[in-house]
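In what follows, a structure is listed as C-alpha cells, so that the remarks can point back to it.
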Amino acid sequence: MSIDLSLVITSSSRPTARSKQDARLLAWRRAFVPVAWSAMFDGGDVVPLEEEDGAPTLFCRAAEALARLRERSPVLARRLPARASAALDALAAGLAAATASEYVQLRLHELVPAWSGAAALREMVESTRAPELTGWTAALHWAGMDVEKRRIVMTRHGGTLAQACVGEVCGHEMPAAPARSIALRDALAATEERGRMHGAVVAAAELEEVTAFLLLEDELVIDGPWLDALEATFRGSLQLPPTLAEVARGMTQAADPSHRPLAQQVIDRLLDEVAEPFAPVATLPAEQAAAALAALTVEAARRGKLGRALRSRSEPLALSITAAGPVRAQVPAAQLALLRWFENGNPLPRRERLPAAILACRFHALRHGLGSLSHHDPLAPPVELFGARATPWSWALGLGWTGETLRVWSNAPELPSVEQRRLAANTFVRRCVAMAGEWTESERAWLLSRGAVPVDDALLDADDRAILRAALGDAGAVPAVLAAATADPARVDAAIAVLTRQEEVGEELLAFFAATAPRWPLAATALAKRCGGDPVRLALVLDALQGLPARVTQQIEYRDEGMTSREEQESFAAEVHAAVEGLAIVGAVPSLQHGAEALLTAVRAAIADASWLSPG
C-alpha cells in the first residue's frame with residue numbers, strides 16, 4: 001500500500017489528521033517529502049497530532065510558510081530547469097492565496113507514525129537554512145536524494161525531478177520538456193522516455209549521446225542506479241581482453257611477499273635482454289603476477305634502461321611495472337584507456353583523444369563535476385590557449401563553470417588565482433564570440449536562456465556574460481559591453497568582434513572604435529565602414545593603421561620561429577584583411593587617397609612572401 005503525504009491549507013488553529021470541509025489540498029506526494037515542502041517550516045513547527053497518538057506533523061501559519069519558502073527557495077530554484085521552476089512558482093502562488101488567518105499543514109503520519117520521529121523531521125526542515133543546496137542533506141534524504149561528492153543524486157525517488165522537489169501541485173500541469181532544434185535533444189528523446197527514470201540500460205552505441213544529454217540538461221539530480229547501469233554497459237562495450245582485465249585488477253591488489261623474487265627475476269631478464277623475460281611469473285595467476293610487478297621498486301639508476309627495454313614489449317604484464325609507465329609498453333591505445341578506467345585511476349586519461357577515454361571522463365564528470373571532462377571532449381569549454389573550437393554545447397557548459405571546475409580541470413591543488421580565472425574566462429569568451437555567427441537562431445536562444453541562470457562562484461563575470469549576450473544578438477547588452485571594454489583592455493578583442501556586428505551605430509559606438517583603432521585594425525575598419533564617409537574620422541583610420549607594415553613583419557618573424565599558434569595566426573590574418581578593406585574606403589576620399597595608396601603598397605609588400613596573410 002502506498003503512503004500518501006498531503007500539504008493542506010486550513011482555517012483550523014490546530015492540526016488535524018483528516019480532511020475537513022474547510023481544508024484545501026495544496027499539493028500531494030507519495031512516500032517522499034518534496035524538498036520545497038521542507039523549506040516552508042522551522043523546527044518549532046513539528047508538533048504532535050493528537051488524533052494519531054501523538055504522531056508528528058508540521059503546522060504553521062500560511063504566511064510564515066510563504067515567507068520561508070521565498071527566502072529559501074532561490075537556493076533550490078537556481079538548480080532547477082525552467083519547467084520544474086514553474087511548479088515551485090505554483091506552490092508559492094497557492095500559499096499566497098491563503099488568508100491571513102489560515103494555516104498550512106503537512107500530513108505525514110502514515111510515513112512517521114510515532115513522536116519518536118520528530119527529531120528527524122526537525123533536522124529535515126532546519127537543513128534548508130543552509131546557503132547551498134548540497135547542505136540540505138537531511139531534506140534531500142527525505143526527498144529520496146543524496147549528496148555524493150558535491151553532486152546531488154536521485155538514489156531512491158522513482159519520479160521526476162519536479163515531483164522530488166515540489167510534489168504534485170493542485171491545478172498545475174507540468175509543461176513538457178522544451179523542443180530544441182539541437183539534434184542531440186531529438187536524438188535522445190526516446191532514450192529519456194525509455195530509460196532515464198525507469199532503470200533501463202541503453203545500448204552501448206547510445207552512450208555518447210546519453211552522457212552528453214545528462215551533462216547538458218543541467219538537471220538538479222542524476223538517477224544514481226541508472227547511471228551505474230550505464231557505466232556497466234560502457235565497461236562491457238569496450239571488450240577488454242581477459243588477460244589485460246586481470247592485470248588491471250592485480251595492479252590494485254596487495255602483492256604476496258613470496259612472489260617478490262620472481263618479480264625481481266623479470267626485471268633482471270628485461271635489463272639483460274633475455275628472451276621471454278616474463279617466464280619467471282608465467283606459472284602465477286595473472287592478477288598475482290601483476291600485483292608483484294606493480295609493487296616492485298626499481299632503482300633510479302636502472303629505470304632509464306628498463307624503460308627502453310619495455311618499449312618493445314607488448315605483453316599486458318609490462319603495464320604493471322612501475323618504471324614502465326602505461327605509455328611505454330606497446331599495448332593498443334584503446335586498451336590502455338580501458339586499463340585506466342578499470343583501475344579507477346586518478347586522474348582519468350583526460351588528455352587522450354580516444355573515444356573510450358573521453359567517455360570515461362564523462363562518467364566521472366557526471367558524478368564529480370564538469371572539470372573532469374576530457375580536454376578533447378567536444379563538450380568541454382575551450383578555456384586554454386590551445387583548446388578546441390567552441391560549440392553550442394561547450395558554450396552551454398562553460399556558463400556553469402566555477403573556480404572549483406577550473407581547479408579540477410587544471411589538476412591543480414588549489415583554487416585558481418584571479419589572474420588564472422581571468423585568463424581562462426577571456427580565452428573562452430573570445431572563442432565563443434568567434435563562433436557565434438555559425439549557430440542557428442534556436443541555438444542562440446537556448447544559450448541566452450541558459451546564460452540568465454545565476455551561478456555561484458561563476459568563472460564568467462557579469463561583463464563576460466554581457467559580451468556573450470551581445471554575440472548572441474542581444475542588442476540590449478551593447479552598453480554593458482562598451483563599459484566593460486573601456487574599463488578592461490583585455491576584453492577589447494572580444495568586444496570589437498561583437499560590436500562590429502551591431503546593426504545600429506550610435507555616437508558612443510563610433511567613439512569606441514575611434515579610441516581603439518590605433519591598436520586594433522578591426523576597430524579601424526569598423527570605423528571606416530560606419531562613419532558615413534566623415535573625412536575627419538577616415539583620417540584617423542589612416543593614422544591608426546600606419547604601424548601595420550611593421551606589425552606584419554614582426555608577426556611573420558614570430559610565426560617562422562614557432563612563437564604563435566595557428567589560432568593567433570588566423571586572428572592576425574583577419575586583422576590584416578580588415579585593414580586592407582578599411583584602407584580602400586579611406587582611399588576613396590581625394591585628400592586621403594595618396595596616403596592610403598602608399599600604406600596599402602607597404603602592407604602588400606610586407607605580406608608578399610607570406611601566403612598565410614594574403615587575402616583570398
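The values are calculated or read from the model by the stated rules, or taken from the named source; none is laboratory data. Predicted model only: the values in this text are computed from it and were never measured. Here the Cβ positions follow ideal geometry from the backbone for every residue, glycine too, while neighbour counts run over all protein chains shown. The protein model used for the area step is the full one, side chains on, heavy atoms only, and it has no ligands, DNA or RNA in it. Shrake-Rupley method; radii C 1.70, N 1.55, O 1.52, S 1.80 Å.
Would you mind telling me the share, in percent, of accessible area of the stretch 455-590 contributed by carbon and sulfur at probe 1.4 angstrom?
The C+S portion of the solvent-accessible surface of the stretch 455-590 is 52 percent.
Taking the stretch 400-512 as the region of interest, what is the percent of Cα-Cα pairs per 10 angstrom bin, listed from the shortest bin to the one with the maximum distance? With a bin width of 10 Å, the distribution comes to 13, 45, 32, 9, 1. The simple spin-label model puts a point 7 Å past each Cα toward its Cβ; for D256 and S410 those points are separated by 4.8 nm. Using equal-weight Cα scatterers in the Debye expression, the normalised intensity of the stretch 519-601 in log10 at q = 0.19 Å⁻¹ is -0.76.
Largest first and in whole Å, what are the equivalent-ellipsoid semi-axes of the stretch 243-285 based on the Cα gyration tensor, each being the root of 5 times an eigenvalue?
20, 13, 9
Spatially, the stretch 520-573 and the stretch 25-42 are offset by 62 Å when compared through their Cα centroids. Of the options G476, P489, A511, report the single residue whose Cα projects farthest towards the positive end of the charge dipole of the stretch 465-530 (beta-carbon charges: Lys, Arg +1; Asp, Glu -1). It is P489.
How much accessible area per residue does the stretch 463-585 have, counting only protein heavy atoms and a probe of 1.4 Å, in square angstrom? Working shown, then result.
On the way: 5680 Å² over 123 residues.
Accessible area per residue, the stretch 463-585: 46 Å².
Averaged over residues, the count of other Cβ atoms within 10 Å places the peptides 605-612, 28-35, 509-516 in the sequence 28-35, 509-516, 605-612, highest first.
Among the GluC sites (Glu not before Pro) within the stretch 486-558, which fall in a DSSP loop and have no more than 13 other Cβ atoms within 10 Å of their own Cβ? List each step's numbers first, then the result.
On the way: sites: E503, E504, E507, E508, E557; in loops: E503, E504.
Those satisfying the criteria are E503, E504.
If packing is taken as the average count of other Cβ atoms within 10 Å, what order do 296-306, 53-63, 541-551 fall into, highest mean first?
On the way: 296-306: 12.5, 53-63: 20.5, 541-551: 18.9.
Per-residue mean Cβ counts within 10 Å order the peptides as 53-63, 541-551, 296-306.
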